[in-house]
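The values are calculated or read from the model by the stated rules, or taken from the named source; none is laboratory data. Keep in mind that this is a model prediction, so the values were computed, not measured. Every residue, glycine among them, receives a Cβ derived from its backbone with ideal geometry; neighbour counts consider all protein chains shown.
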Amino acid sequence: MKETFNLAVIYGSAREGRFCDTVANWAVETLKKDPELSVETIDPAVLDLPSRHVDDQHPGIGELHTALSEADAFIVVTPEYNHSFTGELKLLIDAAKPQWRRKPLAFVSYGGMSGGLRAVEQLRLVFAELHVVTMRDVVSFANVWDLFDSQGQPINATSSENALNNMVGDLKWWATALRNARYPHAQQASQAPQKVLEVCA
């Protein structure tokens with residue numbers, strides 16, 4: 001029986017009129033075709049997190065902590081604003097700590113000529129501090145407005161889907177390794193031979 005993974009796709013923008021919806025919705029739609037993945041989304045525009053640090057009694061913080069805790073792996077869909085990532089994404093990241101720890105994370109980035117890669121490189125530093133393992137490969141869309149059609153699909157759909165699926169292959173490998181390391185006793189129990197009781201008449 002194949003393993004299944006809880007994957008949280010995180011929207012990296014909360015800006016009105018954001019292009020993040022197009023890119024993230026395509027990613028989610030593609031990922032849901034994988035029977036090994038249970039895909040949920042985390043959207044800062046929906047959570048409406050407070051601009052100052054508060055405890056998890058705030059409904060948005062509580063919902064965020066639950067979603068992050070239940071995830072085996074993450075994908076962040078990030079734009080690049082002013083050579084960096086968004087303030088809303090940093091607020092979301094900083095609103096949790098143990099919920100991120102020892103889990104893998106991959107990036108789908110988009111933007112102008114850099115394709116959001118400068119935001120990704122800065123995010124790697126932030127997530128390293130949280131003990132998150134980031135994937136080397138990135139799915140990046142440079143000059144993104146020219147790469148999606150009016151239906152919200154990539155112009156080069158096959159290449160884009162292959163890139164995403166290849167990256168997710170590595171993400172699932174790390175999700176397995178890190179989940180087994182976080183819960184070694186559960187792994188041992190699942191592999192332990194079952195005892196068979198024979199009843200003699």
Item to check | Top-ranked residue in segment 136-159 [being free of Cβ contacts under 8 Å to residues at least 60 places away in the same chain and assigned to a helix (DSSP H, G or I); ranked as farthest from the chain's Cα centre (by Cα)] | outcome: Asp146
Item to check | Number of the exception - Val54 against (1) surrounded by 13 or more Cβ atoms within 10 Å (Cβ to Cβ); (2) modelled with pLDDT under 95; (3) aliphatic (A, V, I, L, M) | outcome: (1)
Next on the checklist: Which residue is farthest from Val23 (Cα to Cα), if the candidates are limited to segment 114-159 and must be of a type in the set (Val, Ile, Thr) and surrounded by fewer than 15 Cβ atoms within 10 Å (Cβ to Cβ)?
Outcome noted: Thr158
Checklist entry - Residue check, Pro35 against (1) surrounded by 20 or more Cβ atoms within 10 Å (Cβ to Cβ); (2) out of contact with any Phe, Trp or Tyr (no Cβ under 6 Å at 6 or more places or on another chain), all met but one. Which one? => result (1)
Next on the checklist: Restricting to segment 27-76, give me the number of residues that are under 22 Å from Asn180 (Cβ atoms) and touching a helix residue (DSSP H, G or I) at 6+ places or on another chain (Cβ under 6 Å).
Outcome noted: 4
Checklist entry - Taking segment 71-110 as the search range and keeping residues that are part of a loop (DSSP other than H, G, I, E, B) and of a type in the set (A, V, I, L, M, F, W, C), which one is surrounded by the fewest Cβ atoms within 10 Å (Cβ to Cβ)? => result Ala96
Item to check | Residue check, Asp21 within 24 Å of Gly111 (Cα to Cα), surrounded by 17 or more Cβ atoms within 10 Å (Cβ to Cβ) and not hydrophobic (A, V, I, L, M, F, W, C) | outcome: no
Checklist entry - How about segment 1-18: which of its residues are over 26 Å from Leu178 (Cβ atoms) and surrounded by fewer than 16 Cβ atoms within 10 Å (Cβ to Cβ)? => result Arg15, Glu16, Gly17
Checklist outcome for this item: By residue number, the members of segment 39-70 that are within 15 Å of Lys103 (Cβ to Cβ) and part of a strand (DSSP E or B) are Glu40, Ile42
